1. Once phi is turned into ³J(HN,Hα) by the Karplus curve 6.51 cos²θ - 1.76 cosθ + 1.60 with θ = phi - 60°, what whole-Hz value does each residue of segment 54-65 show in order, with x for glycine and proline?
2. Which order do the peptides 78-85, 133-140 come out in when sorted by mean C-beta neighbours inside 10 angstrom, highest first?
3. Compute the distance in nm between two label points, each set 7 Å from the Cα along the Cα-to-Cβ direction, one at residue 209 and one at residue 376.
4. Taking just the C-alpha trace of segment 119-181, give me its Rg and Dmax in Å.
5. Along the principal axes of its C-alpha atoms, what lengths does segment 42-188 span, in descending order and rounded to whole Å?
6. Suppose the chain between residue 182 and residue 198 were pulled fully straight at 0.36 nm per residue; how much longer would it get relative to their current alpha carbon spacing?
7. How far, in nm, would the chain grow between residue 258 and residue 70 when pulled straight, counting 0.36 nm per residue and subtracting the alpha carbon separation?
8. Considering the options 92, 166, 182, tell which one lies farthest towards the positive end of the dipole of segment 80-199, charges being +1 on Lys and Arg and -1 on Asp and Glu at the Cβ, about the Cα centre.
Amino acid sequence: MMVGVVGAQVVGRGRLAAVSSGDVRRGVGEALLAAAREAADVDPEGLDDGVLVELAGELERAQRHLDAARCRLLGVLEARGATLEVSGHATGGWLGAEHGLSRVEVGRRVRVATRLRRDLPEVAAALAAGEITFEHARVIADLVNPRVRDLVVVLQPQLLALAEGVRFERWAAQVRDLVAIADEDGGHRPESGGSRLRMVDGPDGVLHLDGRFVGEQAAVVRHTLGSMADRLFHRAERDAEAAPVDLPLPPRAGLLADALVGLCRAGAVATHTGKGPVADVTLVLDASDPTVARTPEGVRLADGTTRLLMCDPAITAVVRDSLGVPLDLGTRVRWASAGQRRAAMVRDGGCVFPGCDVPPGWVELHHVHHAEHGGRTDLENLASLCRAHHGVVHRNGWAMTPTGRHRWRITTPTGTHLHTQRHGRTRAGP
């Protein structure tokens with residue numbers, strides 16, 4: 001099988017040391033791609049069971065060598081900061097922007113690669129030899145912290161030996177327990193430390209919550225949401241009894257959702273200490289049809305929702321022209337006004353640096369033609385950039401120039417032209 005041979009070539013020190021970097025890319029890279037395509041073209045439906053099992057095993061063994069090669073390359077890339085100089089992204093950002101990987105996945109890959117290169121050479125060698133999987137390497141790498149780093153480094157052979165002939169889950173639990181005993185400051189984890197809450201934006205403006213609460217926090221959340229949902233249910237019962245028609249009672253899941261929203265609103269009011277409104281909501285109106293309101297993300301609001309929000313004094317409308325460009329709300333002053341920030345948020349939809357996924361609320365407004373050189377604080381001269389990429393475009397050798405219609409071109413120190421994105425989508429040219 002060609003895949004296993006090529007995977008071994010990728011991590012073979014003698015082979016790579018004997019050729020130039022250009023030969024490595026042309027020789028190993030081309031052979032690796034050819035072998036991967038060959039494997040992908042195999043039709044498993046036409047193979048008997050024995051060959052299928054053998055092929056699956058070879059692919060798994062080859063994957064270990066590929067993971068080792070990737071870890072070595074990513075470790076060097078991260079140490080050198082090479083992707084930052086070439087693309088304006090750190091290693092993880094480059095992987096996400098260029099190869100479509102998630103933040104979670106790129107963070108895991110770069111973290112493990114860095115720790116293998118810096119602290120765990122024996123683990124890296126075991127992965128390269130195909131003795132362990134990337135998941136084994138990740139478990140050990142994640143155990144490294146300043147308190148037990150030296151211990152984990154010394155125990156590498158023993159931790160690796162424990163993996164022989166044992167299912168991964170049993171080995172991982174044993175290794176974590178061993179290191180936790182030695183980690184006097186980090187071994188004890190109160191139950192509250194296990195609580196987690198993730199927020200994921202879905203299509204059509206839907207927000208998905210995925211949470212886990214333990215210990216005291218679980219008791220607080222359970223009691224508070226439950227009590228609020230009970231009050232809402234009793235109120236719905238009274239409304240149903242008084243109504244001249246049959247009103248269906250809401251399900252428990254809907255009551256819990258309403259309870260959470262009500263508690264968020266009450267908490268925002270109770271803890272607000274500023275002079276302005278508790279929340280500043282922006283609605284987008286098209287000049288051709290100002291009766292239709294949308295969120296900055298493009299989600300159209302139902303008529304009833306729109307009328308309800310318009311009763312709130314904290315609503316700001318941003319009107320845009322037929323090209324979708326918000327009308328300039330600001331004045332020619334040094335600092336962007338609140339109106340200009342809202343307009344830029346609607347226009348750009350987040351950081352305009354190609355491949356960046358920082359949302360609108362986390363950006364800064366960059367004067368493309370610098371203010372100290374006479375650049376005006378007008379919307380056409382203001383680009384939304386996250387803090388990291390705002391710093392990138394201010395570096396020596398980087399340049400940002402307008403291409404018309406509130407879009408820009410970024411030139412890297414190597415002369416590469418990058419065209420800015422809008423709402424996370426990059427155009428090929430101006």
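1. Along segment 54-65, the couplings run 5, 5, 4, x, 5, 5, 5, 5, 5, 4, 5, 5 Hz.
2. 133-140, 78-85
3. Once both label points are built, they end up 4.7 nm from each other.
4. That works out to 10.6, 31 Å for Rg and Dmax.
5. So the extents along the principal axes, rounded to whole Å, are 56, 44, 24.
6. Extra length from residue 182 to residue 198 when fully extended: 2.7 nm.
7. The residue 258-residue 70 span can extend by a further 63.0 nm.
8. Working it through, the farthest residue towards the positive pole turns out to be 92.
Read-outs throughout are calculated quantities, based only on the coordinates presented, and are distinct from any laboratory measurement. This one's a predicted model, so the numbers in the text were calculated from it and none came from an experiment. As a convention, Cβ positions derive from the backbone with ideal geometry for all residues, glycine included, and neighbour counts pool all protein chains shown.
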